[in-house]
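Beneath this line is the structure, given in structure tokens, with notes to follow.
No lab work stands behind these numbers, since they all come straight from the coordinates. For clarity, every value in this text was computed on a predicted model and none was experimentally measured. Cβ atoms come from the backbone with ideal geometry, glycine included; neighbour counts cover every protein chain shown.
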């Protein structure tokens with residue numbers, strides 16, 4: 001067999017199937033934990049030099065939109 005090739009039962013540098021399963025399960029648990037942490041947070045963004053502010057939850061739901069009519073650059077005329 002060629003050097004460095006598959007040597008029967010022990011692919012990936014000796015990591016056996018049980019170790020791979022445990023690692024995959026841990027990665028899945030870590031991913032779920034990160035998703036839950038992100039869902040608990042709120043994210044804010046501004047546009048128009050601070051005239052408009054939007055806040056969304058980690059569940060991608062709009063929490064609030066604020067229009068600051070006192071901010072520089074605010075134009076209240078409608079075309």
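What's the extension gain from residue 68 to residue 37 if we count 0.36 nm per residue and subtract their Cα-Cα distance? Numbers along the way, then the final one.
Values: separation 31, 0.36 × 31 = 11.16 nm, distance 3.03 nm.
Gain on stretching residue 68 to residue 37: 8.1 nm.
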Seminar exercise, completed: Full extension between residue 17 and residue 52 adds, at 0.36 nm per residue less the Cα distance, a length in nm of 7.3 nm
Problem set entry | Simple label model, 7 Å out from Cα along Cβ direction - residue 45 to residue 29, nm | 3.5 nm
